[in-house]
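Following: one structure in structure tokens, then a few remarks.
The values are calculated or read from the model by the stated rules, or taken from the named source; none is laboratory data. It should be emphasised that the depicted structure is a prediction, and the values quoted were computed from it without experimental measurement. All Cβ positions, even for glycine, are placed from backbone atoms using ideal geometry, and neighbour counts span all protein chains on display.
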Amino acid sequence: MSAEAVKGAGGNLLLNKFFQTILLSNVLLQIGIWVRNFAILMYVTDKTNADEFAISLMGFVEFLPIFVFSFIGGTFADRWKPRLTMIWCDFLSALSVFIVLITLLYGSWHMVYLATFVSAILSQFSQPSAMKLFKQHIPEEQLQSAMAMFQSLIAIFMVLGPSLGVISYQKFGIEVSIGVMGVAFLLSAVVLFRIPRDREVERTEAGAEQRFVQDLKDGFAYVWRSPVLKSLGGTFALAGTAVGIAHTLGLFIVLERLEQPKEFLQYILMVNGVAMLVGGGLVMAIAKKVPPQKLLALGIFLSSVCMVGIGLSTSVPLTLVLQFISGLGFPLIQIGISTMILQWSEESYIGRVNGVLSPMFMGMMVIMTLVAGQLKSVFPLVGIYSAAGGIMFLGMLLLIPLFKHKPLVAGAEG
């Protein structure tokens with residue numbers, strides 16, 4: 001993604017100090033996250049001899065905190081200074097990782113789950129704070145382009161990340177891999193000091209507990225009043241159900257349907273990542289021409305079709321092609337969702353809107369990560385993936401009535 005392409009999309013985002021900083025911070029976070037995801041997955045798989053429950057538990061400890069803390073994190077994101085919130089979250093993530101490393105050296109291997117658990121909790125305070133900063137520092141006409149470029153960076157790590165995690169684990173072991181995670185999170189916290197200082201947050205006379213409960217209620221009411229955000233919540237729930245199944249059982253597609261070793265999963269995700277990079281570039285090209293709700297619908301449609309195909313396929317080439325097509329749709333989904341939340345929410349409500357909608361997705365995802373392993377013991381993978389694709393398709397249908405809606409202007413309600 002070139003600077004010229006960004007400039008053509010509404011101004012040179014790469015000259016924006018905030019955008020430069022958030023990209024650099026995200027590079028460091030992605031290194032830590034991908035080393036965490038794959039090094040720990042390989043470690044747990046080796047330790048448990050590919051036990052279905054142990055592998056699904058990895059997804060559970062990652063997504064349960066997201067569901068539980070998303071409401072709280074989103075509400076506090078609207079009350080706290082977002083820059084300082086992000087810095088503290090990265091610093092505490094690094095601290096928790098180093099504590100896990102020490103206990104791993106002297107205690108039980110099960111402590112690796114804690115690194116994922118704590119990081120997932122803190123992300124629920126950091127992520128909505130980042131959304132608020134995007135709203136503050138990126139001009140409205142550049143939001144979708146900024147999200148496309150941000151998603152392209154994530155796509156690059158979808159290509160590089162799996163191999164980074166696997167190589168780190170195979171060459172250096174779990175201890176060094178966890179150390180890399182901690183250093184990456186710590187450096188991200190340092191980089192975030194470059195972001196301009198936060199605005200002063202308004203203080204109220206009401207007690208903290210009373211104010212928090214009222215803010216939480218206001219967030220739910222705000223989403224309920226908006227037909228766009230309300231429908232988006234339904235789509236989130238259906239998509240979370242489908243993605244929870246596919247995310248948890250992806251390793252078994254490799255082991256059973258394709259009859260490949262567990263390490264082959266990294267190549268599937270690399271293909272997916274290349275496609276995401278291409279898809280992010282396509283969104284940059286059409287960002288000002290296609291509304292985000294149509295981008296989201298198209299991305300979900302592609303994912304639903306490919307999900308069914310991946311479940312049916314026993315051919316490595318066909319599965320890789322389907323993963324590529326699915327990867328093209330993923331940036332459409334992520335950019336569409338992020339842009340819709342930013343465009344249909346007032347700045348003072350962004351954290352709470354994110355906190356209300358994310359659990360719709362994550363809640364179902366948490367349930368399915370825990371249930372998927374049990375479903376697999378009863379139903380064939382083909383049937384499970386076909387059902388997941390059908391559920392994803394229903395989520396796309398909910399978006400069709402939103403095609404006629406226009407974004408918020410001048411603080412009006414959705």
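Summed over segment 348-382, residues that are closer than 30 Å to Ser129 by Cβ and either in a loop (DSSP other than H, G, I, E, B) or of a type in the set (Val, Ile, Thr) (or both) total 6. Summed over segment 326-348, residues that are more than 14 Å from Ala246 (Cβ to Cβ) and either surrounded by 24 or more Cβ atoms within 10 Å (Cβ to Cβ) or not hydroxyl-bearing (Ser, Thr, Tyr) (or both) total 16.
In segment 164-175, what residues are free of Cβ contacts under 8 Å to residues at least 40 places away in the same chain and either polar (S, T, N, Q) or exposed (fewer than 15 other Cβ atoms within 10 Å of the Cβ) (or both)? Answer for segment 164-175, where residues must be free of Cβ contacts under 8 Å to residues at least 40 places away in the same chain and either polar (S, T, N, Q) or exposed (fewer than 15 other Cβ atoms within 10 Å of the Cβ) (or both): Lys171, Phe172, Gly173. Restricting the first member to segment 181-208 and to residues that are at pLDDT below 65, and the second to residues that are outside any helix (DSSP H, G or I) and exposed (fewer than 11 other Cβ atoms within 10 Å of the Cβ), no beta-carbon pair is closer than 6 Å while six or more apart or on different chains. Of a type in the set (Lys, Arg) and modelled with pLDDT under 85: is that true of Lys262 in this structure? When the stated conditions are applied, Lys262 passes them. Take the conditions surrounded by 18 or more Cβ atoms within 10 Å (Cβ to Cβ) and in a helix (DSSP H, G or I) and apply them to Thr116. Does it pass? So Thr116 fits the description; yes. Taking the criterion of being within 13 Å of Thr45 (Cβ to Cβ) and within 23 Å of the chain's Cα centre (by Cα), the residues of segment 248-261 that qualify are Gly250, Leu251, Phe252, Val254. Look at segment 369-394: where a residue is more than 15 Å from Ile310 (Cα to Cα), no partner that is of a type outside the set (A, V, I, L, M, F, W, C) and not in a helix (DSSP H, G or I) sits 6+ places away or on another chain with Cβ atoms under 8 Å. Does Val68 count as of a type in the set (Val, Ile, Thr), under 26 Å from Leu187 (Cβ atoms) and assigned to a helix (DSSP H, G or I)? When the stated conditions are applied, Val68 does not pass them.
Listed here are the residues, each with its yes/no results for (1) touching a helix residue (DSSP H, G or I) at 6+ places or on another chain (Cβ under 6 Å); (2) hydrophobic (A, V, I, L, M, F, W, C); (3) touching a residue at least 24 places away in the same chain (Cβ under 8 Å).
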position	(1), (2), (3)
Glu256	no, no, yes
Phe264	yes, yes, no
Ala275	yes, yes, yes
Ile286	no, yes, no
Leu296	yes, yes, yes
Ile300	yes, yes, yes
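For segment 21-75, taking the residues that are among the polar types (S, T, N, Q) and out of contact with any Ser or Thr (no Cβ under 9 Å at 6 or more places or on another chain), the one that is modelled with the lowest pLDDT is identified as Thr75. Confirm whether Tyr106 is of a type outside the set (A, V, I, L, M, F, W, C) and more than 21 Å from the chain's Cα centre (by Cα). Judged against the criteria, Tyr106 is a match. Put simply, of Ser345, Ser304, Ser326 the only residue that is touching a residue at least 12 places away in the same chain (Cβ under 8 Å) and either part of a loop (DSSP other than H, G, I, E, B) or within 18 Å of Lys230 (Cα to Cα) (or both) is Ser345.
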